[in-house]
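Note sheet for the following structure.
Derivation of every value follows stated rules applied to the coordinates shown; laboratory data play no part. Just so we're clear, the structure is a prediction, and the values are computed from it rather than from any experiment. Counting neighbours? That spans all protein chains shown, and the Cβs are built from the backbone with ideal geometry, glycine included.
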Amino acid sequence: MRILVLGAGMYVTGRHETGHGVVLSALAQISRTNPVERVLVVARDPANADHVAEAAARINSTLGASLRIDYQTIPGIDLALEMAALCSRERFDCAIVSTPDHLHEAPLRGLMGGGIPTLVVKPLAPTLAEGRALLALQRETGVYCAVEFHKRFDEGNLYAKRVITEGALGRLLYMSVDYSQRIQIPRQVFRNWTARSNIFQYLGVHYVDLIHFLTGFHPRRVTAYGTRGILEREGIDAFDSIHVMIEWDGPLGRNEPFLSHHNSNWIDPDTNSAMSDQRFKIVGTKGRIECDQRNRGIELVREGTGVALINPYYAEFLPDVDGNLEFQGYSLKSIARFIADVVLLKRGETSLSHLDKTRPSLRQALVSTAVIDAVNRALCAGPAWREIDGFS
């Protein structure tokens, strides 16, 4: 299997001391039990070659793997044409797109045009128009594409889904979400494109998709407002925090709506004991479920670095029964599921229609994209209720 990776940032390589580098770590782990011949990472900056080489050496050494990971610089002027040209010169079995939000639509067009199954990091796109165009192209080409909504694979969330499906909470009434990250993300890691996104679009979208996954509900309308000041004083044109209320159509439609309230920011102090501070609560007529996804019960105290709350279920190198390190976590499961689905499709052992219903497909991702679009319009025009356009 030959895999193309577009992007060489935090999620791919673990730059800026943000972690292990999920994409390359996952692919190296997968290569230990599956025939992955080569991974080609492409990005615009020639300096990324050193970051990729360092990550590849570190990850292969940690896992005892020997995955071939190469790097190639591309102009990055027209990503659709560049992806199409690259796929015409070289054979790839699938691709992973890990680029800034506004650079998802173009490469997906090029990769689908080249017949390459593709996994793209969230969100699918910043606008509903782009999302609809991508879904139309996917249906035209018949190429499998999915969005890397890894929270669907978190055991805590899967437990919540079971409780909801079994009806233990009764009729669902409302959900509250608090989700934030350290200020190093907009200030340092994403500084070059922070102004092209916002904290709800980049991060809060996870919980929009999660609600749709947990309940099967569809959003009806949204209202949103944001706060500014801290990032603007540092020369960054972006909201510090965004607060969103979503009204969802419940199982009986508009007669019994479900409400979700989302508070998100990316101005937490860099001394916060966790990169992501997140929790949610769902309340129904017969009960509630609360999930603290920041505090997983493991606290590490080290001289010089202080206190850290560890989430080993997301992305971590952990020993197997023989004491050898493996890359584990629900982020791995998300990428591994995509790779496995690509193989099953090639063998004729699954179908696009099945994956469209059971995976974070482009059709399913259009739900969260529609919410992003409405939230961004509300942030520009004021916090009045905004109707959600159709998803298909």
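Some observations on this one:
- Between Ala274 and Leu309, the built amide H atoms are under 5 Å apart, and every one of these is 5 or more places off in sequence or on another chain.
- Chain lengthening between Ser66 and Arg139 when straightened (0.36 nm per residue, less Cα-Cα): 22.6 nm
- Sequence-distant contacts, meaning Cα pairs under 8 Å at least 6 residues apart, place the relative contact order of segment 96-150 at 41 percent.
- DSSP beta bridges fully contained in segment 177-311 are about 85 percent antiparallel.
- As a calculated quantity, the FRET efficiency between Arg302 and Glu54 at R0 = 22 Å, using C-beta atoms, amounts to about 0.45.
- Pairwise Cα distances in segment 247-325 exceed 14 Å for 76 percent of all pairs.
- For the pair Arg377 and Ala195, the difference between a 0.36 nm per residue extended length and the Cα-Cα distance amounts to 64.0 nm.
- Cut-off 17 Å (backbone N to label point 7 Å along Cα→Cβ of Thr73), residues of segment 1-38: 7-9
- In segment 18-177, the DSSP beta bridges split such that about 0 percent are antiparallel, to the nearest 5.
- Available extension along the chain between Lys281 and Arg162 is 41.3 nm, counting 0.36 nm per residue and deducting the alpha carbon span.
- Environment charge of Arg187, counting only residues whose C-beta is closer than 14 Å and scoring Lys/Arg +1, Asp/Glu -1: -4
- Rounded to whole Hz, the Karplus (6.51, -1.76, 1.60) HN-Hα couplings of segment 43-58, x for glycine and proline: 7, 7, 8, x, 5, 5, 4, 5, 5, 5, 4, 5, 5, 4, 5, 5
- The overall shape of the chain, judged from the alpha-carbon gyration tensor, is rounded, with an a/c ratio under 1.5.
- Cα gyration tensor category, rounded, prolate or oblate, for segment 276-392 with a/c compared to 1.5: oblate
- Computed 3J(HN,Hα) for segment 83-96, one whole-Hz value per residue from the Karplus formula 6.51 cos²θ - 1.76 cosθ + 1.60 where θ = phi - 60°, is 5, 4, 5, 4, 6, 7, 8, 10, 8, 10, 8, 6, 9, 10, glycine and proline marked x.
- Taking a straight Cα-Cα cut-off under 22 Å and skipping sequence neighbours fewer than 8 places away in the same chain, the lysines within cross-link reach of Lys357 are Lys122, Lys151, Lys161, Lys333, Lys346.
- Using a Förster distance of 22 Å, the FRET efficiency for Glu387-Leu173 (Cβ separation, nearest 0.05): 0.50
- Net +/- balance of residues flanking Ile388 in space, Cβ distance below 11 Å, scoring K and R +1, D and E -1: -1
- Listing Arg228, Arg132, Arg359 from fewest to most neighbouring C-beta atoms within 10 Å gives Arg228, Arg132, Arg359.
- About its Cα centre, the chain has a charge dipole of approximately 780 debye under the convention of +1 per Lys or Arg Cβ and -1 per Asp or Glu Cβ, with nothing else charged.
- Rounded Å value of the spacing that divides the Cα centres of segment 26-74 and segment 239-277: 35
- Rough spin-label spacing in nm, given labels placed 7 Å along Cα→Cβ, for Glu37 and Glu17: 4.1
- ³J(HN,Hα) computed for each position of segment 19-31 - Karplus, 6.51 cos²θ - 1.76 cosθ + 1.60, integer Hz, glycine/proline x: x, 8, x, 5, 5, 5, 5, 5, 5, 5, 5, 4, 5
- Built amide H within the under 5 Å cut-off of Gly250, gap 5+: Glu256, Phe258
- In a simple Cβ point-charge model (Lys, Arg +1; Asp, Glu -1; nothing else charged), segment 205-269 has a dipole of about 240 debye relative to its Cα centre.
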